[in-house]
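S.K.: Below are the structure tokens for one structure; questions will follow.
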Amino acid sequence: MSFLSDSRRVTRALSDFYHRSLSAEGRVVTQAPIEDIIERLDLAGLASRGGLSGAKLSEFLDAYLSYTTRLHHPEYLAHQVAAPHPSGGLAALVDGVTNNAMAIYEMGPAAAAIEFFVINWLLGKIGWIPTPHPRETGCVPEHGGGVLTHGGSLANLTALLAARSRIAPDVWDQGNPGDLAVLAPAESHYSIARAIGIMGLGRRALYPLPVDDAGRVLADRIPQALAKVREDGRRAMALVANACSTGVGLYDPLREIGQACREAGVWMHVDGAHGASALLSDRHRALLDGADMADSLVWDAHKLMRAPTLCAAVLVRDAATLDRAFEQEASYLFHDKAQPGVDFIHRTVECTKAGLGLRFFAVLGALGEQGLGHYIERQYGLAAEAFRLIRAQEDFDCPVEPQSNILCFRVRGTDAAQIAIRDALIAQGRFHLSTVFFGGRRYLRATFMSPATTLADVSRLIEAVRTEASRVEAGGAGTAAEAKAGRPATPGGHP
């Protein structure tokens with residue numbers, strides 16, 4: 001194997017895939033039966049005899065990429081996953097080849113330095129005090145802190161572990177108290193309920209927050225919600241706010257929620273996995289007014305900051321709360337040692353951690369803060385234009401005006417029809433959409449992630465949906481579609 005020649009084959013194939021995707025060449029998604037893909041890729045043969053190099057590697061890549069969803073394609077509108085900037089992809093390649101498991105400083109000084117910088121950069125955007133350098137420790141009495149994790153779900157879990165460590169500091173020795181509770185709006189990402197389950201708190205520990213018709217938290221009714229928790233003999237461990245909600249992309253009123261939490265002495269956690277990136281936009285920063293009042297905030301770079309998966313930050317206003325979230329004993333790792341950097345392992349579930357900061361910083365270094373801000377403003381602006389265009393159609397309906405790059409809509413017809421339309425478009429390799437159940441109805445859901453998507457593509461989407469709606473109406477929706485149209489077991493039914 002020649003690393004140089006094979007890497008050239010890989011970069012040529014990826015460059016072609018990237019540019020063809022941006023130019024809308026080919027299908028946006030191809031869902032073949034899994035057994036056909038396994039056979040086409042010759043997985044069994046290669047596993048047996050090896051030889052995945054040279055011409056065989058090129059053949060393999062051609063087949064692999066033909067079944068790969070094109071996130072840069074203008075018709076990709078499905079999930080909240082970045083159309084990654086090429087610089088981020090190259091950074092992931094560097095991290096993959098060097099393989100510095102940088103949870104401890106000696107295993108990746110460069111990667112650790114970048115993560116340290118990135119965490120402080122993000123803390124500054126929220127309005128929190130950055131972590132001082134090791135030589136400055138003790139100069140700043142209270143400061144923020146954080147760590148990059150492999151995804152927003154793990155970040156939400158980590159933040160809630162930090163919240164638990166404050167209200168139950170002896171949990172590692174004594175186990176969970178039986179009286180803890182978490183309050184969250186129904187539109188919260190399913191990872192919140194999953195984290196509560198993982199922590200062993202139980203489903204009954206999750207209390208719904210009062211919300212308006214659009215699913216946004218009603219801050220003035222938080223005292224009543226907290227009173228219900230107390231009446232049940234429980235203590236509020238944390239209160240979760242969305243910035244923005246996964247389903248329809250709306251922001252909770254963070255400042256009002258923060259004030260209510262401070263008055264009650266309750267940990268405020270902001271799930272900003274998707275929408276915290278609005279902090280980089282002068283035009284949309286106000287959507288996160290009050291984020292600085294939170295105790296913790298989750299922010300994914302692999303969504304609206306164009307980093308490849310995965311790169312999610314869990315950030316806390318007081319670094320000490322995150323430092324107390326875990327207790328570990330490993331004499332070969334946790335001991336006093338002379339080093340010029342910092343270890344992140346005491347802040348994470350992971351014992352081995354990739355150099356996630358490099359993936360994001362490569363994008364930030366290529367575009368700059370202003371470039372990222374312009375991208376976010378473009379995508380939010382496109383969703384607003386699409387809303388006005390779709391709302392003007394007599395046979396279409398939008399449940400809420402978007403505050404982010406997420407737009408929900410439906411064409412005239414049943415809930416089952418919306419599912420059938422999505423399925424038909426995907427089968428044709430066109431307009432990859434997701435769906436969401438909101439306000440008692442099923443909606444199609446477009447998330448504007450690709451920088452190549454334009455309003456002209458939205459116009460074509462309207463016609464494509466309308467055409468499929470006519471076909472569904474003429475042919476009728478089957479029982480399978482009706483079954484699929486029901487409310488999902490987990491909120492949103494999408495990443």
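Where a number appears in this text, it was derived from the coordinates with a stated rule and is not lab data. Fair warning: this is a prediction, and the values are worked out from it, not measured in the lab. Ideal geometry is used to build each Cβ from the backbone, glycine not excepted, and the neighbour counts take in all protein chains shown.
S.K.: Can you give me the Cα centroid spacing of the stretch 254-310 and the stretch 410-460 in angstrom?
M.R.: Centre-to-centre distance over Cα atoms comes out at 27 Å.
S.K.: Shifting gears a bit: Among 448-460, 21-33, how do they line up by average Cβ neighbours within 10 Å per residue, starting with the highest?
M.R.: Sorting 448-460, 21-33 by mean packing, highest first, produces 448-460, 21-33.
S.K.: Additional query: Whole Å is fine, so just give me how far the alpha carbon centre of the stretch 59-90 lies from that of the stretch 1-58.
M.R.: Value for the Cα centre distance between the two parts: 12 Å.
S.K.: A further question on this structure: If you wrap a convex hull around the C-alpha atoms of the stretch 367-484 and split its volume per residue, what is the figure in Å³?
M.R.: 105 Å³
S.K.: Which FRET efficiency value, to the nearest 0.05, is calculated for E35 and Y64 with the Förster distance at 22 angstrom and r the Cβ-Cβ distance?
M.R.: Efficiency computed from Cβ-Cβ geometry: 0.90.
S.K.: With labels modelled as points extended 7 Å from the Cα through the Cβ direction, what inter-label distance (nm, one decimal) is found for W172 paired with K228?
M.R.: The two pseudo-label positions are separated by 3.5 nm.
S.K.: Ignoring solvent entirely, what values of log10 I(q)/I(0) come out of the Debye formula for the stretch 96-363 at 0.14 Å⁻¹ when each Cα is a single scatterer?
M.R.: -0.95
S.K.: Seen from all sides and averaged, what is the projected area of the convex hull of the Cα atoms in the stretch 347-397, in nm²?
M.R.: It is 6.4 nm².
S.K.: Would you please give the FRET efficiency between A110 and T467, computed as 1/(1 + (r/R0)^6) with r the Cβ-Cβ distance and R0 = 51 Å, to the nearest 0.05?
M.R.: The calculated FRET efficiency here is 0.45.
S.K.: Let me ask you something else. Using all C-alpha to C-alpha distances in the stretch 233-278, build P(r) with 10 Å bins and read off the rounded percent in each one.
M.R.: All Cα pairs considered, the percentages come to 28, 48, 22, 2.
S.K.: Still on this structure: Could you rank the peptides 407-414, 208-215 by their average count of other C-beta atoms within 10 Å per residue, with the highest value first?
M.R.: In decreasing order of mean packing, 407-414, 208-215 become 407-414, 208-215.
S.K.: Ratio of Rg to Rh for the stretch 1-68, alpha carbon only, Kirkwood?
M.R.: A ratio of 1.01.
S.K.: For the stretch 1-68, what is the charge dipole size about the Cα centre, in debye to the nearest 20, if Lys and Arg each add +1 at the Cβ and Asp and Glu each add -1 at the Cβ?
M.R.: Value, rounded to 20: 260 debye.
S.K.: Taking the dipole about the Cα centre of the chain, with the C-beta of Lys and Arg at +1 and of Asp and Glu at -1, give me whichever of A110, A417, G88 is farthest to the positive side.
M.R.: A417
S.K.: In addition: Treating the beta-carbon of each Lys and Arg as +1 and of each Asp and Glu as -1, no other charges, what is the dipole magnitude of the chain about its Cα centre, to the nearest 20 debye?
M.R.: Approximately 580 debye in magnitude.
S.K.: If you place +1 on the Cβ of every Lys and Arg, -1 on the Cβ of every Asp and Glu, and leave all else neutral, what size is the dipole of the stretch 325-444 about its Cα centre, to the nearest 20 Debye?
M.R.: 420 debye
S.K.: Stokes-Einstein diffusion coefficient for the chain at 37 °C in a medium of 0.692 mPa s, Rh from the Kirkwood formula over Cα pairs: what value in µm²/s?
M.R.: For the chosen part, D equals 136 µm²/s.
S.K.: Measuring from the lowest to the highest alpha carbon on each principal axis, how far does the stretch 193-318 reach, largest first, in angstroms?
M.R.: Computed over the stretch 193-318, the largest-to-smallest principal extents equal 45, 32, 30 Å.
S.K.: Measure out, as a whole number of angstrom, how far apart the alpha-carbon centroids of the stretch 366-400 and the stretch 185-246 sit.
M.R.: Centre-to-centre distance over Cα atoms comes out at 29 Å.
S.K.: Treat each spin label as a single point 7 Å out from the Cα along the C-beta direction, and report the R283 to R378 distance in nm.
M.R.: Those two pseudo-labels are separated by 1.2 nm.
S.K.: Express in nm, to one decimal, how much length is gained between V97 and E394 on full extension, taking 0.36 nm for each residue of separation and deducting their alpha carbon distance.
M.R.: Length gained, V97 through E394: 101.5 nm.
S.K.: Hey, another quick one. How would the stretch 283-433 be classified by its alpha-carbon gyration tensor: rounded, prolate or oblate, with rounded meaning a/c under 1.5 and the a/b versus b/c comparison settling the rest?
M.R.: Judged from the Cα gyration tensor, the stretch 283-433 comes out prolate (a/c at least 1.5, a/b above b/c).
S.K.: Quick one: net charge of M449's neighbours, Cβ under 14 Å, K/R +1, D/E -1?
M.R.: +2
S.K.: Which of the DSSP-defined H helices in the chain satisfy a minimum axial length of 20 Å, computed from C-alpha atoms, and a minimum mean Kyte-Doolittle hydropathy of 0.5?
M.R.: Passing helices, by number: 109-126, 152-167.
S.K.: Pairs of Cα atoms under 8 Å, at least six residues apart: use those to get the relative contact order of the chain, whole percent.
M.R.: Computed over the chain, the figure is 21 percent.
S.K.: Can you tally the lysine pairs in the stretch 96-363 where the Cα-Cα distance is under 26 Å and the two residues are eight or more apart, or on different chains?
M.R.: Here the count comes out as 4.
S.K.: Shifting gears a bit: Which semi-axes, in whole Å and largest first, does the equivalent ellipsoid of the stretch 12-164 have when worked out from the alpha carbon gyration tensor as the square roots of 5 times its eigenvalues?
M.R.: Equivalent ellipsoid of the stretch 12-164: 40, 20, 16 Å, largest first.
S.K.: I would also like to ask the following. Given labels modelled 7 Å from the Cα in the Cβ direction, how far is it in nm from A44 to A427?
M.R.: 2.9 nm
S.K.: Related question: Using a Förster distance of 41 angstrom, determine the FRET efficiency expected from the C-beta separation of S15 and A320, and round it to 0.05.
M.R.: It comes to 0.30.
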